[in-house]
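The values are calculated or read from the model by the stated rules, or taken from the named source; none is laboratory data. Values in this document were obtained by computation on a predicted structure and should not be read as measured data. Heads up, the Cβs are rebuilt from the backbone with ideal geometry, glycines too, and the neighbour counts pull from every protein chain shown. What goes into the accessible areas is simple: the full protein's heavy atoms, side chains included, and nothing from ligands, DNA or RNA. Shrake-Rupley method; radii C 1.70, N 1.55, O 1.52, S 1.80 Å.
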Amino acid sequence: MARDYLARALREAGHTVDSAADGIDGLHMASSLAVDLAIVDRMLPKLDGLALVQSLRATGRKLPVLILSALGDVDDRITGLRAGGDDYLTKPYHVSELLARVDALARRGESGNAEIRTKLKLADLELDRMTRRVVRNGKKIELTAREFQLLEFLMRHSGQVVTRTMLLEGVWDYHFDPQTNVIDVHISRLRQAIDKDFDKPLLHTVRGAGYSLREDE
């Protein structure tokens with residue numbers, strides 16, 4: 001599937017990726033998550049790409065949007081940009097060109113508010129994507145690369161229940177369950193790192209559903 005191939009290419013380039021199979025899910029994701037940039041296919045089921053972008057702009061979200069489409073005439077590109085797209089790439093395209101455009105859009109977005117884009121925060125836990133630094137209550141926390149990626153994913157979905165499937169696809173890029181305890185091991189290590197020496201736990205197990213990074217009252 002083209003969506004899975006694109007997501008894999010973005011992850012290999014160092015990006016954290018969430019993907020949606022239709023426009024409605026995509027709009028919800030782009031509206032509610034800490035998303036840096038959206039890549040939107042013009043032809044989507046349930047809600048087409050242009051309607052998605054227009055709805056996103058109507059909510060006030062200003063994140064950069066790259067529209068992908070097989071429709072490459074000048075009028076088509078103009079329509080996409082006027083709908084709220086920041087860039088328009090026609091199919092077929094080279095992945096290297098798409099990655100270059102993603103980087104350019106990301107730099108453009110950072111110039112507006114780099115603090116919001118590069119730092120995630122929940123209670124007294126802070127994660128800096130640029131420096132790869134994690135701090136809780138002023139104490140630096142050492143994490144492996146995979147643990148950092150796992151924490152970033154959980155923080156981007158803070159307050160929500162994150163399923164094992166979401167973690168397998170978003171952190172490990174598995175589109176099947178390998179039937180191992182890889183998630184349990186990494187969750188356990190991450191919990192030790194961010195919760196063990198502090199009064200209030202932030203990483204919770206939701207029995208039968210998955211995990212949730214949240215601050216309980």
Next item on the list: Starting from region 1-28, keep only residues that are charged (D, E, K, R), then list their pairs with residues that are open to solvent by less than 30 Å² (accessible area, probe 1.4 Å) and assigned to a helix (DSSP H, G or I) whose Cβ atoms are within a distance under 8 Å, requiring at least 6 positions of separation or different chains.
Entry: ASP18/ARG156; ASP18/GLY170
Margin query: Restricting to region 3-15, count the residues that are open to solvent by 50 Å² or more (accessible area, probe 1.4 Å) and outside any loop (DSSP other than H, G, I, E, B).
Written below: 4
Check: Can we say ASP18 is out of contact with any strand residue (DSSP E or B) (no Cβ under 8 Å at 6 or more places or on another chain), farther than 27 Å from LEU154 by Cβ, open to solvent by 30 Å² or more (accessible area, probe 1.4 Å) and modelled with pLDDT under 95?
Finding: no
Next item on the list: Could you give me the residue pairs with C-beta distances under 8 Å whose first residue belongs to region 44-67 and is without any contact (Cβ under 8 Å) to a residue 60 or more places away in the chain and assigned to a loop (DSSP other than H, G, I, E, B), whose second residue is of a type in the set (Val, Ile, Thr) and surrounded by 15 or more Cβ atoms within 10 Å (Cβ to Cβ) wherever it lies, and which are 6+ apart or on separate chains?
Entry: LYS46/ILE24; LEU47/ILE24; LEU63/VAL35
Checklist line | Candidate set from region 42-56 (those that are under 9 Å from LEU27 (Cα atoms) and crowded, with 20+ Cβ neighbours inside 10 Å); member that is modelled with the lowest pLDDT | finding: LEU56
Next item on the list: Can you give me the number of residues within region 185-217 that are open to solvent by 70 Å² or more (accessible area, probe 1.4 Å), out of contact with any helix residue (DSSP H, G or I) (no Cβ under 7 Å at 6 or more places or on another chain) and within 29 Å of ALA9 (Cβ to Cβ)?
Entry: 0
Next item on the list: Please go through region 68-99 and pick out each residue that is of a type in the set (Gly, Ala, Ser) and either at pLDDT 90 or above or in a loop (DSSP other than H, G, I, E, B) (or both).
Entry: SER69, ALA70, GLY72, GLY80, ALA83, GLY84, GLY85
Checklist line | Count of region 21-40 residues which are open to solvent by 40 Å² or more (accessible area, probe 1.4 Å), acidic (Asp, Glu) and either at pLDDT 95 or above or over 8 Å from the mean Cα position of the chain (by Cα) (or both) | finding: 1
Check: Would it be correct to say that LEU81 is more than 30 Å from TYR174 (Cα to Cα), in contact with an Asp or Glu (Cβ under 9 Å, 6 or more places away or on another chain) and surrounded by 13 or more Cβ atoms within 10 Å (Cβ to Cβ)?
Finding: yes
Check: What are the residue pairs meeting all of these: first residue in region 109-127, first residue open to solvent by 30 Å² or more (accessible area, probe 1.4 Å), second residue in a strand (DSSP E or B) and modelled with pLDDT of 65 or more, Cβ atoms under 6 Å, and 6 or more apart or on different chains?
Finding: LYS119/ASP128; ASP124/ARG136; GLU126/VAL135
